[in-house]
Structure formats: C-alpha cells, structure tokens
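Only one structure is covered here, and it is reproduced in the block below.
The values are calculated or read from the model by the stated rules, or taken from the named source; none is laboratory data. Because the structure is a prediction, the values reported are computed rather than measured. Here Cβ is always computed from backbone atoms with ideal geometry, including for glycine, and neighbour counts include all displayed protein chains. The protein model used for the area step is the full one, side chains on, heavy atoms only, and it has no ligands, DNA or RNA in it. Shrake-Rupley method; radii C 1.70, N 1.55, O 1.52, S 1.80 Å.
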Amino acid sequence: MAKEVTLTIDGKSVTVPAGTLVVDAAKRIGIDIPVFCYHPKMEPVGMCRMCLVEIGRPVIDRATGQVVLDESGKTKMQFGPKLETSCTTPVSEGMAVVTNSAKAVDGRREIIEFILTSHPLDCPICDKGGECPLQNLTMAHGPGESRFLIDEKMKLAKHVPLGELIILDRERCIQCARCVRFQSDIAGDPVIAFNHRGRALEIVTHSEPGFDSYFSGNTTDICPVGALTTADFRFGARPWEQKPAASLCSHCPVGCNMTYNVRREAASGGKLVIKRAMPRQNEQVNEIWMCDKGRFAYHYAESSERLSKPLVRKGGELVEVEWDEALNAAAEGLRGAGQVLALAGGRLPNEDLFALGKLGKPVLYTHHGGGDLVAQVGLGPDSNLGDLGKGSVILVIASDLHEEAPIWWLRLKAAAKRGAHLIVAGARPTRLEEYAAQVIRYRYGEEIAVLHPFLDGSDADFANAENVVIFYGNEGLDLAGSSALAQACAELLVQTNHTGRANNGLVGVWANANAQGAWELGFRPSADLAAELAEAGAVYIAAADPAGDDPALAAALDKARFVVVQELFLTETAARAAVVLPVQANLEREGTYVSGERRVQRFYPVIYPPEGTRPDFEIIAQVGALIDVPVEGRAVSLLFTKLAAELKPFNGLTYQALAQRVEQWPQVGRADLYYGGTSYDNKLGLGVQLPAAGWQGGAAEQSRIAAVPQLGEQEVWLVPVTRLYDNGQTVKHSKLLDQRRAVPTLSLHPDTAAKLGLEVGARVTVDDAALAVVLDATVPASVGLVPRSTGVPSSAPRAVKLHRVAETAR
C-alpha cells in the first residue's frame, strides 16, 4: 500500500496516496482546477499554465526536522512567491493549496487572454462549440474582452487533412500537445509532431499514409478545442443537437464500451442517424480509448446494400416475398430435413445463439479452437489488465495483437511499462515486441515447444509470478493446432497454479466480438465443416459467410439439401440459400456479448432498424413455432433470463446486474470536458465476468500442429494473417475505411522472392486469386503471408504453388 498524504485544498481536507498530483487530489473532493494540457491518463508537462494555484508548505525547523508552530499553536505555513502548476506538483504532508485566491484568479485570466490572442473567433461554426473546454473556461475565467488587435491574429490553414480520417484546423490549435503526447506515449505511434516555433508552431504528420495510427480518433476526444475533428463528423452536427446512446463495439473480442451520438435530420428523411462514435469509460475494458475500426466502421449499418425484404428461391432465383411466406418456406424446408446444422458466426449475440441452438446441432464457424478451455481456466472475476504490473507475467503467443485486438495491445504495452514481465512468442516480429522483456522466435509448427521450458521448470518466470495471463491466437495454426496450443497453455497455467482467481488465466484472441460467448453456450467448431455442410439435411446459418471465405465450403453448401440464411447483406452464402431472412444490426437492437476476458456486457439500441428487418432471435423463434420447437421470442430480456437459468456459467445473471456501475477513476464525464476530454462516463453498466468452470484435464498433442513440410519447386508455406481493416461484412461497407482495408497481397522475404524469381509488384495466383508480391524482411524464409478476407481461403496454413501472371495478362 502506498503511503498516504493529508493536505487541504481551499480549506477542505483530503487524504490521497503519496505521489498524487495536486490537480488529481482536488478532483477527488469535487474541486475542479481548470486545465488544457493536462490529462489524467498522460504524464504531466505543465505547458499551458492554466492550472496555476497558490501552494503553501509547513515550515520545517532545519535543526530538529520538526514542523514549526505559530503563536496560536497551528502549523506555520510558507507560501511560495509565485503560482505553481498543480498538474506537475505532487502532494506533500500538510500542504495547503488555494485555487481561488486573487493571485490564482488573475493568473488564469491572463493565461486565457494569452491563448485567445492567436485563436479564431469562429465559435458559431466550430465543431467543438457546445462541448469546448476553451469556450467553457473562457466564460468562467476569461477577461471578457481582448486587448489584442484582431488584425494581428495568426492566419493559418483551416482545413488540413492529416489523413483521410482526421482533419486539422491549424488556427484553432492552442499547442497543448495532448494529441502529440497521446500518439507518442500511449499509442506508441509518434506519427504527428510539432513543427516550427513560437506562434507559428503547428501540428504536422510524418507518416505515409497520413496520421498512420489505429488510434488516431482518440486525439479528437482529448483535443480541448476544435482543432482536430473526424472526417465523418466535421460540420455534420452540433453537440447539443445530439443524443447519446450506449453500445458495445462488435468488431473484436475486447468488448470496448462506446457511446454513439444520434439525431434526426432532414437529409435522412427524418430518420435517426449516427453522427459519430465515441468511447464510453470502462476502466476494466477499454478505459477511455477505442481503435479507429470501432470508431469508423459503424457506417455499414447505413449502407444501401442492406437486406430489407425476405427472399425465397423460386425457379432458381431469389425473389422478394412477405415475411409470412418466407417463414413458412423456412419451416417447410426444415420440417422434413432430419438433422439440422445450426451454423453461427462469432458476431451473433448470446441470446440469438441460445435460440439458434434450439433448432439443431450448434456449430461455431471458426478456425480457432480452445474456447472450451478458456471457459475452464479463463480470467477470473474482477480481473483487470490495468492491475497487471510488477510481479505479473504476460505471455502472448501466435497473435499479432496490434492488428487483431488493438486495445489489448495498448493495455499490455501499458502493463509492461508498469513493470509486468511481457513475453511475446511468434514466428515473425510484431509491434508488441518493442515493449517485451522477452521475445521468443519460433518456426511455424513449433508453438508448443515454446512452452516446454515453462512447463518443465527450466524457466521459472511463471512459477515465481504473482499473476500470469496468457493470450493465445491462431496465426500459422489450423483448428486442431490452435486447440492443441490452448491445451498446452491451459496446462501451464494449471501446473503453475495460476487459475481460478483474478488477473490469472487464459484469453483467446478471437476474430469476432462474441466467439467466446458461442463457446460458453455450447457451440463448437466442426473438424470437417465441408463434409457436414454437404451431408446435412438442412443448414441454418446466422452471421457467417462460409461460401464467401472458401470455395470448398461454397461447393459443400451447394450440396446441402436445404439452406436458410439470416444476414445483413446478400453474401455469397446468402446467395446460395433457399430462404434469406433480413436481420437487424447490433446498433438497432439490444443484447449481450461475452468478451475474450469472459465479461458479459449489454449493448443497447442506438438507431431504429430498417423497415422489414427483424432481430435474429425473433426470427428463430417464429420459425421454431412453425416446426414445434419452442423458443422465447417476445423480448430479448426474457430470452436472457431463460439462458441464465439453463446455463451454469450465467446462473444468477440478469440485465439489471449487467447494468450496475461503480465509481471509476479518473472521473470522466460531460460535466467536466477539460479534465478527461469528451469521452462519456458509463451510466449503463460495466458488465460481469463469468466464473471459470475449473480445469477438467487433458493433454496437449504436438503432432496436431502442422509443421512446415518439405516444399516443392515454386512452393511457399502460405500463412493467413489478420489485418485490422478487413473486408468483412461489417467493415467493407464503411467507405471511409476504403483506403486502409486489406488488399490481396503476398508478403515474402526478399531472399524467398529471389529464389522464386519474383520481384516487388509481381503478380501471382493462388486458388484463382491474383496477389501482388510485397517484399518484407520480417517474413520467415519460405513463408508467404496473405491477409485474411482478400479472396484466398484462410482456414489453415498450407503449401501452395505460385503461378506468376504473365505481363500481358495483367
């Protein structure tokens, strides 16, 4: 426990841990000291001087070391001759802070006046107007009028794209450096910086493409003025015109808490539309940050390509029909089909998975195994990656967290800075290695061998650690291989006694937001999905596109006797179905997800659904009623109640429990925009972590991990890798991300490319997909890396023969 210090601020006593900054100590007792450059998530720099206060300290007798008392017996205080910055001054015992003295008030007024000498008077058209710290603090502390001549104000560029996502207004920048420090210190992407000096100081980007960071949108949240805005919100709406709507990000297993700002507008025919996406504070999940995929990909929900009418196949063609006809057609096909294969993707909410599992054999569409083991030895309740530091060991294996789960990458980077022993094991370098205490390089196929030193005790890192968390992915592994890796990781945790309690356990780095939820609800991947699809009496598919991912699965689906698909868009899988039922996006309904950390969280309706669509669970219930399979379909909350009663890990959970909240630090909210930025506080629940089921035994089988075989002429070992901006259904329809989405490429080591007679830019074909060759010295020898979702089947690594595309065929 840190030593505690007692001081007074404006006459109010407060006790805080030693090392606490004065500005934070004041916040603890409801005293707001104005700031511009300071942010509670970043190291202080004292640049703006807005937080100036008077500070007195007890007079100490140098001879005795004792506090000197005055005539009345009270501690004699000595105030400094100058004001001090409360954002850089740590508290000390007996300190007396005065925030509202005449000297402090004058100091703040002068700082405001100085800042305004180079700030434009464009509040009426500024995007920040209504939630602007500078505007608010000027009204509270400013001089009321300026002595500066308006003709002498700086005239700078008003529209400077730092990239296609973030726009800079150079005139509005007050040089607080929040954005620069966030990118350098927190995001680890120092791609923007200050240029020039004095009043000519300005923000520039040094990267190509501009502002090349997965976290760029966060700078618009913490910017205290309207200098930085997102491209999709700039001049789009005023803050006071919008209503906040809480939700969850649906793009990865982190489970980031979000708030969408919505309003009705004439341009959309009076419909409720999303104007921007922002973080919602949850210190156990995403703190107050989010990645740009979660911030900008929501535009898929407003795509004109959304399905809005049911489709039934007639005469070989899919035609629009009314709901009753479609439901009856689905029921008729299922009624006499025998075994029904219920195939679900990992973006389907828990309630809908529970309902779907009633219709047939529950199968999870994934190539990543081991979720059943995560249910046994996953992180215990009250786990928080923010608590990991000195004494903790974190292992990341077969995963590129920067691409697969950026906020986890951000949090593990911070844990390493706090002293956690971070081990990164991979077949190729990744961004996280920069912050690792130990890097283990292996060849694809040798993943389990990496764990042997920890299992046999020759490396005592795990045995001696207070906390151990293992993140395992599936890069370079097939379904069986990732399952074997999960088994070995679980055994390591059990053997070193790091299960069953907070901040210890196994985490799967899944491709989808609710893959772990599917495992918890009894869905399991198929060892031979193509065979099961081809032989099934009927296939009922929700939130998955196997035909779009793999031609072999498309061919298998064509052999299935009857196929029903519930989807947002007419995917390759939907195009092969007998019945297609249009569903609502998670933004248009409520439900729950289970994150990779096994935290159950609620999401809420944000906008109204398109006319003609229905939530997945309701459709399933309506089909079930027609084939005498009872499924609760009246309300998603009623369905969750049944789920919680039937499934042991969820026993006792209610929507009310998931909506509970506790006080979080730092305090972030709309009442105080200058302290933590414009992120939203959490009023609708922090979620509940499921208890681990406990270890049930087993043994890892290294033979189940495919080693790289002897390769033939013109062959490479093709390994699918994840890129953050993929081409999935909930990303590719967000046109703002078009320039950054993954493209069909084959990354080769220069030596491998030379051996194959290929140069940068050459085009080769793999499975009829044309790929452009990219040279990358970090790629292992004889290996080719191809981004998932770019046209090449990506269920498992394999040997492939490359065929060069002739120049005349390009």
Being loosely packed, with under 15 Cβ neighbours inside 10 Å and outside any loop (DSSP other than H, G, I, E, B), is that true of even one residue in segment 205-215? no
Under 6 Å between Cβ atoms, at least 6 apart or on separate chains: pull out the pairs that start in segment 17-45 with a residue that is under 20 Å from Val5 (Cα atoms) and of a type in the set (Gly, Ala, Ser) and end on any residue that is open to solvent by 40 Å² or more (accessible area, probe 1.4 Å) and assigned to a loop (DSSP other than H, G, I, E, B). Ala18/Ala2; Ala18/Lys3
Are any of the residues in segment 278-290 within 29 Å of the chain's Cα centre (by Cα), in the same structural domain as Ala577 (by TED's automatic domain parsing) and assigned to a strand (DSSP E or B)? no
Only one of (1) over 22 Å from the mean Cα position of the chain (by Cα); (2) part of a loop (DSSP other than H, G, I, E, B); (3) crowded, with 21+ Cβ neighbours inside 10 Å does not apply to Val668, and that is (1)
Residue check for Val35: open to solvent by 50 Å² or more (accessible area, probe 1.4 Å), at pLDDT 95 or above, touching a helix residue (DSSP H, G or I) at 6+ places or on another chain (Cβ under 8 Å) and outside any helix (DSSP H, G or I): no
Given the conditions (1) within 23 Å of Val600 (Cβ to Cβ); (2) touching a Leu at 6+ places or on another chain (Cβ under 9 Å); (3) crowded, with 21+ Cβ neighbours inside 10 Å, report the number of the one that Leu658 does not fulfil. (3)
Quick one: which strands (runs of 3 or more DSSP E) lie wholly within segment 752-810 and hold at least 3 residues that are farther than 26 Å from Lys732 by Cα and either open to solvent by less than 40 Å² (accessible area, probe 1.4 Å) or touching a residue at least 24 places away in the same chain (Cβ under 8 Å) (or both)? 798-801
Go through (1) under 23 Å from Cys291 (Cβ atoms); (2) of a type in the set (Asp, Glu); (3) at pLDDT below 95; (4) assigned to a helix (DSSP H, G or I) for Asp151 and report which single condition fails. (1)
In the list Glu447, Glu434, which residue meets the criterion of being over 19 Å from the mean Cα position of the chain (by Cα), crowded, with 23+ Cβ neighbours inside 10 Å and acidic (Asp, Glu)? Glu447
Pick from Glu93, Glu164, Glu110, Glu171: which is assigned by TED's automatic domain parsing to the domain that holds Ile31 and either open to solvent by 60 Å² or more (accessible area, probe 1.4 Å) or acidic (Asp, Glu) (or both)? Glu93
Checking the conditions here, which among Gly676, Gly694 is at positive phi, open to solvent by less than 80 Å² (accessible area, probe 1.4 Å), small (Gly, Ala, Ser) and touching a residue at least 40 places away in the same chain (Cβ under 8 Å)? Gly694
Considering every residue within segment 713-725, establish whether at least one is more than 34 Å from the chain's Cα centre (by Cα), at pLDDT 95 or above and open to solvent by 50 Å² or more (accessible area, probe 1.4 Å). yes
Is it the case that some residue within segment 666-675 is among the small types (Gly, Ala, Ser), farther than 25 Å from Trp510 by Cβ and not assigned by TED's automatic domain parsing to the domain that holds Arg280? yes
